[in-house]
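The values are calculated or read from the model by the stated rules, or taken from the named source; none is laboratory data. Owing to the predicted nature of the structure, the values given are computational and were not obtained by experimental measurement. All Cβ positions, glycine included, derive from the backbone under ideal geometry; neighbour counts span all protein chains shown.
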Amino acid sequence: MIITQNSMIRNTLKKFIENSGYDIRKKNSFDPLPEFPSDFTKNDIEIIKKVKPFTLTSKERIYSLLQATKYVIDNDISGDLGSMSTETTENPSLLKIFA
């Protein structure tokens, strides 16, 4: 009788949690995180992999700098790129790709 009550309680809790939009898994059974976020294009990933050995900047920040640089080029915004923040000054290799 006790085993039946425990399984009923477990099944009821499991259904309640699943209906709430959650899932119960054993520890360490989660899928590993991908190397790059899903919104990075293949071209972005290729550029990031070329630049990454030369900088301590994270992949996400390199991606942001890449998007900002693309925006400037695509919109034909004139001016110098030399007035960037100190965070991006270690990334001239990324800017050189577009030069």
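Side notes on the structure shown:
- Residues (of a type outside the set (A, V, I, L, M, F, W, C) and more than 12 Å from the chain's Cα centre (by Cα)) located in region 45-69: Glu46, Lys49, Lys50, Lys52, Pro53, Thr55, Thr57, Gln67, Thr69
- The residue that is surrounded by the most Cβ atoms within 10 Å (Cβ to Cβ), counting only those in region 1-53 that are closer than 30 Å to Ser64 by Cα and hydroxyl-bearing (Ser, Thr, Tyr), is Thr41.
- Of the helices (runs of 4 or more DSSP H) lying entirely inside region 7-99, the ones with 3 or more residues being of a type in the set (Val, Ile, Thr) and modelled with pLDDT of 85 or more are found at 42-51.
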